[in-house]
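What follows is a set of notes on a single structure, which appears directly below.
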Amino acid sequence: MTQETTPPFAGLTPDVLLDAVESLGLRASGSLLALNSYENRVYQLGMEDGPPLVAKFYRPARWSDAQILEEHAFSLALAEREIPVVPPMLFDGASLHDYQGIRFALFARRGGRVPELGDSNTLEWIGRFLGRIHALGQVEAYQARPVLDIFSFGEEPVQYLLDAAVVPADLREVYRGVASQALDGVRRCFDRAGTVRQLRLHGDCHPGNMLWTDDGPHFVDFDDSRMGPAVQDIWMLLSGSREEQSGQLADVLAGYEDFCDFNLRELYLVEALRTLRLLHYAAWLARRWHDPAFPLAFPWFAAPRFWEEQILSLREQIALMDEPPLWTLP
C-alpha cells in the first residue's frame, strides 16, 4: 500500500457524490446514508426510480485500476454462478467509473444481519459457499493483486511502525523484540505447513462482511481480495476456547468440502495468520492517521495502553503458535 501524505476524500462533498452517480444516467433522490467503512467511503443512496443503491468511492492510491478491475471480475464471475456475493453493477459494460478524478462503483443494496456463528447449521452453510468461492478462486490466479505473505503482512508493517516512531519511546524496544519473536513464530508455522495452494480469496471474511437472511449469507466487500491460502477465509470464523474452535472448524469444513478440498496442513497457519493480522492492523491505523476519520473512530490508538495491549497480545500469540494445530494431523 502507498503511504498517503494528504487527507483523502477532501473533494468528496455531497454534491460531488450525487453528481458522480448521476453521471451514469441515474437520478438520485438526494438522500444519503454513510455506511461503516474507513478504507473507502461508502454511502447508501436513495434513487428516484428504484430501490436504494450503494456507492463505494475508492481511497486514492490504494489500488490501481487493474487491481480493482480484477476484484470486480472475480465478484462478477461468482455472481454469474449464483454464488451469493454482491458484485458491482455494470453501466455500458463498465464496473469502475471516474468522476473528477474520484473512482467509484455502484452496488445493489442488500439487507441482512450478522450470522450466528454459534449455530452449527449456519457455519456449515457458510462453509458450503466458501467452498464454492474457493473452487472458482483456484481456477486462475490474480495477476495484479498482491499475495498475502509474511513480508507484506508482517515484516514490512513492523518496520514501518518502528521507522515512523509510532510506538511510544519507552515501549519501542520491547515492541521490536516481541514483534521479532512473533515473526519467528510465524515463519515456523509456515515451514510446518509446507507448500500450500495459493488462490483468490475474499481476504477479509469476518462476520461483518456477511449479510445473513433466511436464504443464507451474502458475502460483501471483496476490497481486500488477494491471493493466499484457503484457511485465511476460514480462521476468522473461529473463536472461543480451543475445543470450541475445533468444533466450529468441523462445521465449516463439513460444508466447505462438499465443493472444494481443504489441505489440513493449512491448520498450522491459523495462529500465524492471526498474528500477521495484529501486526498489519497496527500499521494500517498508523498509515491512515492523517485521515480525519481515523482519530475520531480510533482515539485509543494514540494512547500508550494500545501498545501495551499489542505487546501482550503478541506474547499470547507467540505461545499459541507453538501449540499443535486444532486437529491432529497425520
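For segment 38-62, how many residues meet the condition of being free of Cβ contacts under 8 Å to residues at least 24 places away in the same chain and open to solvent by less than 70 Å² (accessible area, probe 1.4 Å)? Outline the logic, then answer.
Keep residues of segment 38-62 that are free of Cβ contacts under 8 Å to residues at least 24 places away in the same chain, which gives 42, 46-50.
Filter once more, so that each one left must be open to solvent by less than 70 Å² (accessible area, probe 1.4 Å): 42, 46-47, 50.
Adding up the residues that qualify gives 4.
When only residues in segment 283-330 that are of a type in the set (G, A, S) and in a helix (DSSP H, G or I) count, which is most open to solvent (accessible area, probe 1.4 Å)?
Applying the filter and picking the extreme gives A302.
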Original post:
Across segment 260-278, which residue is least open to solvent (accessible area, probe 1.4 Å) among those that are touching a helix residue (DSSP H, G or I) at 6+ places or on another chain (Cβ under 7 Å) and of a type in the set (K, R)?
Top reply: R274
Subject >> Neighbours by Cβ (under 6 Å, 6+ apart or cross-chain): first from segment 111-130, modelled with pLDDT of 90 or more; second open to solvent by 60 Å² or more (accessible area, probe 1.4 Å) and among the charged types (D, E, K, R) >> reply: T122/E116; R128/D258
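What's the total number of residues in segment 234-259 that are assigned to a loop (DSSP other than H, G, I, E, B), over 18 Å from M210 (Cβ atoms) and open to solvent by less than 40 Å² (accessible area, probe 1.4 Å)? Step through it out loud before you land on a result.
Residues of segment 234-259 assigned to a loop (DSSP other than H, G, I, E, B): 234, 238-241, 257-259.
Imposing the further condition that a residue be over 18 Å from M210 (Cβ atoms) reduces the set to 240-241, 257-258.
Retained after the next criterion (residues that are open to solvent by less than 40 Å² (accessible area, probe 1.4 Å)): none.
Total satisfying the criteria: 0.
Where in segment 14-95 are there strands (runs of 3 or more DSSP E), lying wholly inside it, with at least 2 residues that are of a type in the set (S, T, N, Q)? Write out each step before concluding.
Numbers: elements: 28-34, 41-47, 50-57.
Those strands (runs of 3 or more DSSP E) span 28-34.
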Original post:
If you go through segment 184-202, how many residues are under 29 Å from D322 (Cβ atoms) and open to solvent by 10 Å² or more (accessible area, probe 1.4 Å)?
Top reply: 11
Original post:
in contact with a Lys or Arg (Cβ under 8 Å, 6 or more places away or on another chain) and surrounded by fewer than 19 Cβ atoms within 10 Å (Cβ to Cβ): does that describe L96?
Top reply: yes
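What about S180, is it among the polar types (S, T, N, Q), surrounded by fewer than 23 Cβ atoms within 10 Å (Cβ to Cβ), free of Cβ contacts under 8 Å to residues at least 24 places away in the same chain and not in a strand (DSSP E or B)? Let's see the steps before the verdict.
Working: among the polar types (S, T, N, Q): yes; surrounded by fewer than 23 Cβ atoms within 10 Å (Cβ to Cβ): yes; free of Cβ contacts under 8 Å to residues at least 24 places away in the same chain: yes; not in a strand (DSSP E or B): yes.
Criteria met by S180.
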Original post:
What are the pairs, 6+ residues apart or on separate chains, where a residue within segment 206-217 that is modelled with pLDDT of 90 or more and open to solvent by 20 Å² or more (accessible area, probe 1.4 Å) has its Cβ under 8 Å from a residue that is in a loop (DSSP other than H, G, I, E, B) and hydroxyl-bearing (S, T, Y)?
Top reply: none
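The values are calculated or read from the model by the stated rules, or taken from the named source; none is laboratory data. Just so it is clear, the structure is predicted and the values come from calculations on it, not from any experiment. For neighbour counting, all protein chains shown are included, and Cβ atoms are generated from backbone atoms with ideal geometry for every residue, glycine included. Surface areas here come from the heavy atoms of the whole protein model, side chains and all, with no ligands, DNA or RNA. Shrake-Rupley method; radii C 1.70, N 1.55, O 1.52, S 1.80 Å.
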